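S.K.: Quick one: the structure is below, and I'll ask about it shortly.
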Amino acid sequence: FQLLRGETLAMVGESGCGKTTAGQSILRLLREAEGQVMFEGTNIMDYGRNELKSLRQRMQIVFQDPFGSLSPRMKVDDIVGEGLSIHSPSMKKPQRQEKVIEVLRTVGLDPETKNRYPHEFSGGQRQRIAIARALILQPDFMVLDEPTSALDVSVQAQILNLLEEIQIQNDLAYLFITHDLGVVEYI
């Protein structure tokens, strides 16, 4: 398949059919992956470690389980800002803090939440933190792996609306993995 900036492609299938594996393979999170993944005309399956590191800023993932994907020992500030620490190590702490606050506002969280731990949040708030963590690096492409399946219906709609706003503002391409045809119809 081909996916252009600003587009959303839904990958739909039953549990266990390989949707998550495909998404993680596209991002080169699985070493066993084979085939071709073309990003801006280059097969990233041929990339080495250093090339992948720089590519990771431009390709991010939001996992299905917002609680399981957030370290319980880290505060929100550290979780969301971790990517900046890795990809922009020369960035001063005040600058990083400013970016964390900005992205927390973007996902609809109070900046004061940066001093709290994941267990202090609802499922929808945790998913907003996970989205902020991916968004802070200003990616071009995001894999959204069942980002609403662990949430109740009213919160699902809020998260889907947020993802749509973020996509429009940032001209992002989304690979939206789901088993829920109602969610596909909504997006």
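S.K.: Just in segment 16-102: which GluC sites (Glu not before Pro) are loop by DSSP and have at most 10 other Cβ atoms within 10 Å?
M.R.: Glu32, Glu34, Glu40
S.K.: How large are Rg and Dmax for the chain when calculated on the C-alpha trace, in angstrom?
M.R.: 16.1, 45
S.K.: In what order, largest first, do His119, His87, His179 sit by accessible area if the probe radius is 1.4 Å? Write out the running numbers ahead of the final one.
M.R.: On the way: His119 120, His87 40, His179 95 Å².
Ranked list, largest accessible area first: His119, His179, His87.
S.K.: Mean-square fluctuation check for the chain, GNM, Cα pairs under 10 Å: which of Asp152, Asp77, Asp171 is largest?
M.R.: Per the Cα network of the chain with a 10 Å cutoff, Asp152 tops the list.
S.K.: Given the whole protein assembly as supplied and a 1.4 Å probe, what does the accessible area of Lys75 come to in Å², nearest 10?
M.R.: Looks like 70 Å² after rounding.
S.K.: How many nm separate the modelled label positions at Glu51 and Phe39, each set 7 Å beyond the Cα in the direction of the Cβ?
M.R.: The answer from the label model is 1.1 nm.
S.K.: Can you list the lysines whose alpha carbon is less than 22 Å from that of Lys99, not counting same-chain residues fewer than 8 positions off?
M.R.: Straight-line reach from Lys99, under 22 Å: Lys53, Lys75, Lys114.
S.K.: Same structure again: What residues from segment 1-24 fall in the zone where the backbone N is under 13 Å from a label point 7 Å along the Cα-to-C-beta line of Leu30?
M.R.: Inside the label zone: 16-24.
S.K.: Once both labels are modelled 7 Å past Cα along the beta-carbon direction, what's the Met91-Arg58 spacing in nm?
M.R.: Placing both labels 7 Å along Cα→Cβ, they lie 1.8 nm apart.
S.K.: Now for a different question. Between the alpha-carbon centers of segment 1-53 and segment 131-185, tell me the distance in whole angstrom.
M.R.: 17
S.K.: Next up: Taking only protein heavy atoms and a 1.4 Å probe, what accessible area per residue, in Å², does segment 31-157 have with all protein chains in place? Mind dumping the intermediate values first?
M.R.: Working: 6860 Å² over 127 residues.
Accessible area per residue: 54 Å².
S.K.: Counting alpha carbon pairs within less than 8 Å and at least 6 residues apart, what relative contact order, in whole percent, applies to the chain? Could the numbers behind the result be given before it?
M.R.: Working: 259 pairs, mean separation 63.7, N = 187.
Worked out over the chain, it gives 34 percent.
S.K.: Would you mind checking which residues have amide H under 5 Å from Val143's amide H? H placed 1.01 Å from N; only 5 or more apart, or other chain.
M.R.: Here the answer is Gln60, Ile61, Val62, Leu175, since their amide H atoms fall under 5 Å of that of Val143.
S.K.: Going by a ≥ b ≥ c, the root eigenvalues of the Cα gyration tensor, does segment 6-81 fall in the rounded group (a/c under 1.5), the prolate group (a/b larger than b/c) or the oblate group?
M.R.: Here segment 6-81 falls in the oblate category.
S.K.: Can you work out ³J(HN,Hα) from phi for every residue in segment 169-176, in order, using Karplus 6.51 cos²θ - 1.76 cosθ + 1.60 and θ = phi - 60°, giving whole Hz and x for Gly and Pro?
M.R.: 5, 10, 6, 7, 9, 10, 9, 9
The values are calculated or read from the model by the stated rules, or taken from the named source; none is laboratory data. Quantities reported herein were computed from a predicted structural model and do not represent experimental measurements. Backbone-built Cβ (ideal geometry, glycine too); neighbour counts: all protein chains shown. Side chains are part of the model used for accessible areas, which takes the heavy atoms of the whole protein and leaves out ligands, DNA and RNA. Shrake-Rupley method; radii C 1.70, N 1.55, O 1.52, S 1.80 Å.
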